[in-house]
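The values are calculated or read from the model by the stated rules, or taken from the named source; none is laboratory data. Keep in mind it's a predicted model, so treat the numbers as computed, not measured. Glycine also receives a Cβ, built like all others from the backbone with ideal geometry; neighbour counts cover every protein chain displayed.
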Amino acid sequence: MKKNREKGFTLIELVIVVAILGILMAIAVPAYNGVANTAKTAQAKAGASQVNLYIKTQAMQSLVQTGLEQYPSADVDLLALAFGSGDPASLDAWEESEIPHARSEAHIFYNLVSDENFVIGYMRSNDSEDNTDADYLVFYATEGCTPDVVQNDDLGVEAADAACAGASVVGQGEDGSVDLDDIAGHT
């Protein structure tokens with residue numbers, strides 16, 4: 001007579017496998033998060049650089065055509081203009097910020113769709129009616145912006161009571177009157 005032996009894994013074998021998987025996950029998850037944040041930061045920096053290139057191009061075209069270097073208004077979709085139709089994936093990765101009053105003639109902010117802590121911002125001062133003395137700032141932030149980032153349009157960028165943590169400047173106007181000191185809480 002044959003003995004009927006059940007085949008399978010013992011409890012000890014299963015516990016060892018679960019412990020090994022737990023150790024691997026403890027190593028892999030933080031490494032993945034670090035890589036993901038590095039990629040998001042690179043995406044924000046590249047997007048802000050593209051916006052800055054568009055701003056500078058428009059200012060130079062204005063200088064050639066009118067003799068005045070004028071920075072574009074922020075009341076248009078800068079990302080669509082900066083990325084153009086050649087890079088729809090990059091354009092789709094960003095959305096206009098839901099910060100109240102995030103868009104005006106003087107400023108606009110965009111959040112990364114996958115993580116709203118990553119922000120691209122464009123701020124323009126309103127020093128004169130014809131925009132000839134205006135200055136600008138393009139930045140990206142890696143730790144989000146609070147609603148305080150949006151200033152009163154009548155006060156201009158210099159009065160911005162902003163809070164964008166981890167902000168880095170990508171481009172700014174020649175006179176440098178708009179800088180990260182206009183964004184309180186920067187690092």
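Pairs linking a residue in region 53-70 that is under 15 Å from ALA82 (Cβ atoms) and among the charged types (D, E, K, R) to a residue that is at pLDDT below 90 and outside any helix (DSSP H, G or I), with Cβ atoms under 7 Å and 6 or more positions apart or on different chains, are LYS56/GLY171.
Confirm whether ILE16 is among the hydrophobic types (A, V, I, L, M, F, W, C), out of contact with any strand residue (DSSP E or B) (no Cβ under 6 Å at 6 or more places or on another chain) and loosely packed, with under 11 Cβ neighbours inside 10 Å. Judged against the criteria, ILE16 is not a match. Note on region 55-80: residues that are within 24 Å of ASP115 (Cα to Cα) and either surrounded by 14 or more Cβ atoms within 10 Å (Cβ to Cβ) or touching a Cys at 6+ places or on another chain (Cβ under 9 Å) (or both) amount to 4. Residues in region 134-153 that are under 13 Å from the mean Cα position of the chain (by Cα) and part of a loop (DSSP other than H, G, I, E, B) were compared, and the one that is modelled with the lowest pLDDT is GLY144. Taken together, LYS2, LYS40, LYS7 contain a single residue that is in contact with a strand residue (DSSP E or B) (Cβ under 7 Å, 6 or more places away or on another chain) and either closer than 30 Å to SER90 by Cα or at pLDDT below 95 (or both), which is LYS40. Taken over region 72-124, the criterion of being at pLDDT below 85, part of a loop (DSSP other than H, G, I, E, B) and under 20 Å from ALA167 (Cβ atoms) is satisfied by ALA74, SER97, GLU98, ILE99, PRO100, HIS101, ALA102, ARG103, SER104, ALA106. Comparison of GLU6, GLU13 shows that the only residue that is of a type in the set (Asp, Glu) and in a helix (DSSP H, G or I) is GLU13.
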